1. Tell me the residue from A:Glu91, A:Glu173, A:Glu115 that is acidic (Asp, Glu), farther than 23 Å from B:Val48 by Cβ and crowded, with 16+ Cβ neighbours inside 10 Å, please.
2. Determine which member of the set B:Leu97, B:Leu91, B:Leu82, B:Leu86 is within 7 Å of another protein chain (Cβ to nearest Cβ), within 22 Å of A:Met139 (Cβ to Cβ), under 15 Å from the mean Cα position of the chain (by Cα) and surrounded by 13 or more Cβ atoms within 10 Å (Cβ to Cβ).
3. Among the residues of region A:152-162, is there at least one that is at pLDDT 95 or above, within 22 Å of A:Ala81 (Cβ to Cβ) and among the aliphatic types (A, V, I, L, M)?
4. If we keep just the residues of region B:22-40 that are exposed (fewer than 15 other Cβ atoms within 10 Å of the Cβ) and part of a helix (DSSP H, G or I), which is farthest from the other protein chains (Cβ to nearest Cβ)?
5. Between residues in region A:162-183 that are more than 7 Å from every other protein chain (Cβ to nearest Cβ) and residues that are basic (Lys, Arg), which pairs lie under 7 Å by C-beta distance while being six or more apart or on different chains?
6. Being in contact (Cβ under 8 Å) with a residue 24 or more places away in the chain, part of a loop (DSSP other than H, G, I, E, B) and closer than 29 Å to A:Tyr108 by Cβ, is that true of even one residue in region B:47-64?
Amino acid sequence: MSHTHTHGNPGDTHHKAAPMVEEITDYEVLEIAVRELAIEHGLFTAEDHRKFTEWAESIGPAAGSRLVAKAWTDPAFKALALKDGLTACKEVGVDWAEPTGVGTPSDYMEFHLLEDTPTLHHVIVCTLCSCYPRPLLGMSPEWYRTTNYRRRLVRWPRQVLAEFGLIVPPEVEVRVEDSNQKCRFMVLPMRPEGTDNWTEKQLAEIVTRDCMIGVALPKPGRTADVHPIQKARRPVKSSAEEPANE
Amino acid sequence: MSENRIAVLEATRKQDKAWETLAPRYGVTNPNPPWKTSLTAMCDCLAVSGALPALERRNTEDELAETLYSDIPSPERELLALVHTLVSRGLVSEADLVSRMKTVRARLEAV
Amino acid sequence: MKKSKSPDASDALFEVGDKVRVRDMPYMFYTRSQLYTRGVVGTIAALTYKDLIPEEEAFNFDGRIEQYYIVRFRQKDLWPGYAFDNDTLQTECPHRWLEPATN
């Protein structure tokens, strides 16, 4: 039974009195229906699906933030992280080899940390299919997966960064990393001013997901990525404007 | 990739019940519908099993996202694109989908 | 089936700093070789791992293992009129997509 069903089942412990969407949409029904049919046709197993769902729900950018904070405070760890990213990840609790227990969903081979310097700023994209270092950063944001970002970042990186509010001085090299194969990447941003004597925990709080993709810079006081909600460009029209069948 | 509309998907989208419209009506602040992680897992499983490799799935999803489903927000767009691709490739039949959606809905509404 | 002549696993590996050009090779179905790098000269930035070439399996049935590289390009070389001299782009290529470049 789908554990994501908002109505819940007898015996569920819904301890929060949070509002719920009190209707069953066709989208919800469609997702369950196609999944059941796919499993029945042997396209994948229910067990694998359960494991991948649990993994998707468990991951977030906290491990990435910890890795950056540790690299900022421990020069030996930073050197390790730049030389052997996978081993460094294990030290923050992420084992790329067995993130789900069924092998990795994205068929990676290596993990590289991209170190920003005063003259070099990195930003990451996957033009082909939105590959992303999910074991460290969690699920990729919706904007990262759009063709808008994927096509424009390689051609107009500074304009795209400006849309995120990040202006890079012309003399600083902007380096786009297009992760089209089996390496996965994450940015190691520069440690900002005003963070002397901060603990690793305090530092990790300002290393947000956007900073590790390269579309934002960490700053004291900036502990969340904020984006406008992506509205549909052309909202669905009424059925009176039904187009002719093709 | 053909742009042939698939009737059951057209019926779904016509309801205009995407999460970003629906959630505010109920005061629900979760940015994603509860089935989103299940959808993600489904895409991963299809890639790992080889039934629908990631690059192929994303290519058809990109095409559909720019044409047929360009006015549908995420993640509903990804769900429609995935189902569209599975039906187009004969991995899942539209008739089975229609009938399964009826039984699933009846099951959920019975709770 | 006749196999096309192509780089062999025994070819000498490129080294960091080598200038290489991305070959414009025919491909079937889905490719991970982006169109925007075809024919462009870049520099080997790193050697990564050895792995199977995905789309080549349609042509060659021996599943060759090849060295992959991170190749660095100047954005000015990728895009006409790119306005910032220092900017670069990196992407990953298997050995068979690359040939030595002299310029």
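The values are calculated or read from the model by the stated rules, or taken from the named source; none is laboratory data. Small disclaimer: the values here were computed from a predicted structure and weren't measured. We place every Cβ from the backbone using ideal geometry, glycine too, and count neighbours over all the protein chains shown.
1. The match here is A:Glu173.
2. B:Leu86 is the lone residue from the list that is within 7 Å of another protein chain (Cβ to nearest Cβ), within 22 Å of A:Met139 (Cβ to Cβ), under 15 Å from the mean Cα position of the chain (by Cα) and surrounded by 13 or more Cβ atoms within 10 Å (Cβ to Cβ).
3. Step one: filter region A:152-162 for residues at pLDDT 95 or above, giving A:152-162.
Restricting the remaining residues to those that are within 22 Å of A:Ala81 (Cβ to Cβ) gives none.
No, region A:152-162 contains no residue that is at pLDDT 95 or above, within 22 Å of A:Ala81 (Cβ to Cβ) and among the aliphatic types (A, V, I, L, M).
4. Ranking the candidates gives B:Pro24 first.
5. Partner pairs satisfying both residue conditions: A:Val168/A:Arg158.
6. yes
Every residue, every condition in (1) without any contact (Cβ under 8 Å) to a residue 40 or more places away in the chain; (2) part of a loop (DSSP other than H, G, I, E, B), yes or no:
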residue	(1), (2)
B:Arg13	no, no
B:Lys17	yes, yes
B:Met42	no, no
B:Ser74	yes, yes
B:Asp96	yes, no
B:Arg100	yes, no
